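The values are calculated or read from the model by the stated rules, or taken from the named source; none is laboratory data. Please read all numbers here as calculations on a predicted model, not as lab measurements. With ideal geometry, Cβ positions are generated from the backbone for all residues, glycine too; neighbour counts draw on all protein chains shown. For accessibility, only protein heavy atoms count, side chains too; no ligands or nucleic acids. Shrake-Rupley method; radii C 1.70, N 1.55, O 1.52, S 1.80 Å.
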Amino acid sequence: MTHLELAADHGRMVEAENLASSPLAIRGLTVSYGEKPAIFSVDATFEDGSMTAIIGPNGAGKSTLLKAALGVVRPLSGRVTVYGGPLEGARGRIAYVPQRASVDWDFPARVIDVVLMGLYRELGLLARVTGRHRSRAMDCLARVGMENFAHRQIGKLSGGQQQRVFLARALAQDADLYLLDEPFAGVDAATEKAIIDVLKALNAGGKTVVAVHHDLATVTEYFDRVFLINVRKVGEGPVESTFTGEALQKAYGGRLAVTQIDGLALGAV
Ligand code: ADP
Ligand code: MG
């Protein structure tokens, strides 16, 4: 074997290890709704047990990246592996909290029913809900401080309360990988605290958390890794080395005032 062949061989081994150990690995992913791609040739490796913020301006493709990872939108090219294998075999290990604005809140369901939906994979479509399932759903509501709202209509709750219920539904799934799309958008401070506490507890228990996050001021406090995107990947890695002023300028392309960046507790600016 030549040096070059050895190096290539080593590269393949490292790549195979990365894919096998990552809860979610994305390679060469391109998604397009029309002529212009929403995300282009994106590679991402989310590390097991990490807590990662996906960051980028509006329209950068953050929601699309999560949806493509979940198989909700079909990519033009690229591939997704979940715990080293195809998505189909691992759906039960992923919980997803969609962007709140994308949910139809007129849907006539009670809070407890929304949480029970998180159990449908386990229940099957026709199985009967038992007291045991109800009590598990109630436990999940209690973890987000919503146990007293179990019989309310979901549409009658405040935005923050709805977001807590969706987190409770994700908790009911008892997943290993939690994907959340802007979980803190439009919620009050008490809800933000409740949600981050739950996410940090999940993460402390070894779960992997990936959240689209819009508030640059809390990135350092909430997350240990970042993934920066603006259609193409801008960077990924530990917060200290990757969440830099330079990377933010690149991701936001001048749409971010320098004063905004100056105000942040950045790693290496
Ligand atoms: P982000 O979450 O970063 O704000 P999105 O992934 O929602 O970005 O959107 C990326 C781009 O794709 C945007 O230009 C958006 O307008 C477009 N887009 C998103 N969803 C659709 C859709 N269902 N149909 C057509 N275009 C879409
Ligand atoms: Mg979005």
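A few remarks follow.
- Filter result (over 16 Å from His213 (Cα atoms) and touching a strand residue (DSSP E or B) at 6+ places or on another chain (Cβ under 9 Å)) within segment 172-202: Ala172, Gln173, Asp174, Ala175, Asp176, Leu177, Leu202
- Within segment 61-81, being within 16 Å of ligand 2 (Cβ to nearest atom) and either open to solvent by less than 50 Å² (accessible area, probe 1.4 Å) or touching a residue at least 60 places away in the same chain (Cβ under 8 Å) (or both) holds for Gly61, Lys62, Ser63, Thr64, Leu65, Leu66, Ala68, Ala69, Leu70, Val73.
- Selection status of Leu116, surrounded by 20 or more Cβ atoms within 10 Å (Cβ to Cβ) and at pLDDT below 95: yes
- Note on segment 119-148: residues that are crowded, with 20+ Cβ neighbours inside 10 Å and over 15 Å from Gln173 (Cα atoms) amount to 1.
- Any hit, segment 95-107, residues being without any contact (Cβ under 8 Å) to a residue 12 or more places away in the chain and either farther than 22 Å from Leu199 by Cβ or surrounded by 16 or more Cβ atoms within 10 Å (Cβ to Cβ) (or both): yes
- Residue satisfying condition, being crowded, with 21+ Cβ neighbours inside 10 Å, in a strand (DSSP E or B) and more than 16 Å from ligand 1 (Cβ to nearest atom), within set Val209, Val187, Val198: Val209
- In segment 27-39, the residues that are at pLDDT 95 or above and surrounded by fewer than 19 Cβ atoms within 10 Å (Cβ to Cβ): Arg27, Gly28, Thr30, Ser32, Tyr33
- Segment 186-216 - residue that is under 14 Å from Ile54 (Cα atoms) and hydrophobic (A, V, I, L, M, F, W, C) and, of those, modelled with the lowest pLDDT: Leu216
- Test: Asp181 is acidic (Asp, Glu), surrounded by 18 or more Cβ atoms within 10 Å (Cβ to Cβ), within 19 Å of Ala95 (Cβ to Cβ) and within 16 Å of ligand 1 (Cβ to nearest atom): yes
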